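This report refers to the structure that appears directly beneath it.
Please treat every number below as a calculation from the coordinates, not as lab data. As the structure is a prediction and not an experimental result, all values here were calculated from the model. Note that we place each Cβ from the backbone using ideal geometry, even for glycine, and neighbour counts take in every protein chain shown.
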Amino acid sequence: MALVVGALLVALCLGSALGVVLTRPERPELLRDPEPVGVVAPAWRDFEDARTVQVQLTRGPAASLTAPDGGRLTVWQCHSGAELRTGDSSMSIDGRAVLSLATTIPLWRDLSVGDTGADVEALQQALVDLGLDLAVDGRIGPSTMDAFVRVVAAIEPSSPRPAVVEAGRLLWLPGPTVRVSECDLRVGEQVSAGQRVADTDGPLIAAQVADTVQAPAGGARVLVVDGVRLALDDEWRVSVAALGELAATDGYRRHIANPEAVPLTGTAALDTPLRVASIPPGALFGVDGERACVASSEGNVLGVQVVASELGQALVTFEGAEPPAQIAARAPGGLSCR
């Protein structure tokens, strides 16, 4: 009897031990030893290279505006705080629209084909700043006249084609966008050529992203202020043609009202997002500045351009070759990045 009881106790102990072994919970996934990764698939995404920036403004001195010709003011869109922009029209004299134009030299004479001089060059540059394509060579030719006609037609489509650049039809602005501080005349009043019609604050003549950083991602860039996209040149300056749009933003108005306390900020980004691959930085080898190499899963060496790094990953574009489906997760030894 004792032998039977002993055998039962042994069997019970063995069963309990076996049950513990069989019912032991699996090791949590996060605590498991990682399996070595040999290859990875690049993760593709659009990259805008967006960054918050401060904008530095250059404003000219306060100036007065004068009537280009005599007659009765039939249109004068003038009030304190009004913004006058180059290429627009805010005035008509005797029913003829007057073109507002920002030039480095006020135009003091009528210009026709064949005329030359510094005032001609100033006119041509003003037309280029408005986005028209012509040479700034200081000589009035057919292309200059055609460009001027297009600008005039935009403000008064029904007007006949002008044969000359008539100085009496141009309201000179000291900058691409000026803000009126005080108006001297009202609609319906008589005005004489050269008579003061308004005073302005210092005009906005340039805007540039301050403290620019090296940006490997190539391509045209824009500055976004209050949702308004403004073209930037290679020096991170706002294009002259876009200064009026910048001056119309609430951010600009708040800044000029209190420039010391309220900085003008925006977002600088690529105009067209760049398609980049996100890869482990350890996959790169032969790094030389912005250029490096990776190895495909077949061991082929592929050149890449390092655009940026985010969240522990390198963002790259592949040079010339068809991007591989997989690359070596770690740079293999013995390969040369040529």
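Around the Cα centre of segment 248-307, unit charges on the Cβ atoms of Lys, Arg, Asp and Glu (plus for the first two, minus for the last two) sum to a dipole of about 160 debye. Taking each residue as 0.36 nm, the span from R196 to H79 lengthens on full extension beyond its C-alpha to C-alpha distance by 40.7 nm.
Note: relative contact order over the chain, using C-alpha pairs below 8 Å and six or more positions apart, is 22 percent. When only the Cβ of Lys, Arg, Asp and Glu is charged (+1, +1, -1, -1), the dipole of the chain relative to its Cα centre reaches about 680 debye. Between N258 and E322, the modelled labels are 6.1 nm apart [label points 7 Å from Cα along Cα→Cβ].
Free of any GluC sites (Glu not before Pro) that DSSP assigns to a loop and that have at most 10 other C-beta atoms within 10 Å, the longest stretch within the chain is 27-234. Can you compute the label reach from T104? Point 7 Å from Cα along the Cβ direction, backbone N cut-off under 17 Å, restricted to segment 217-244. Counting only backbone N, you get 240-241. In summary, the helical segments of the chain meeting the span-like criteria, namely a full DSSP H run, a Cα extent along the axis of 18 angstrom or more and a mean Kyte-Doolittle hydropathy of at least 0.0, are 2-23, 142-155. A straight chain from E235 to E290 at 0.36 nm per residue would run longer than the Cα-Cα distance by 17.8 nm. Taking the chain as a Gaussian network of alpha-carbon nodes connected by springs under 10 Å, the highest mean-square fluctuation of the residues Q56, Q125, Q326 belongs to Q326.
Calculated mean residue ellipticity, 222 nm, the chain: -5500 deg cm²/dmol, from DSSP H runs (n ≥ 4) at -39500 (n - 2.57) each, averaged per residue and rounded to 500. Modelled spin-label separation between V149 and D133, with each label point placed 7 Å from Cα along the Cα-to-Cβ direction: 1.8 nm. Entry note, segment 136-253: relative contact order of 19 percent, from Cα contacts under 8 Å with a spacing of 6+ residues.
For the chain, the Stokes-Einstein estimate of translational diffusion at 4 °C and a viscosity of 1.567 mPa s comes to 50 µm²/s, using the Kirkwood hydrodynamic radius over alpha-carbon pairs. When Rg and the Kirkwood radius Rh are both evaluated on Cα atoms of segment 135-234, their ratio Rg/Rh stands at 1.06.
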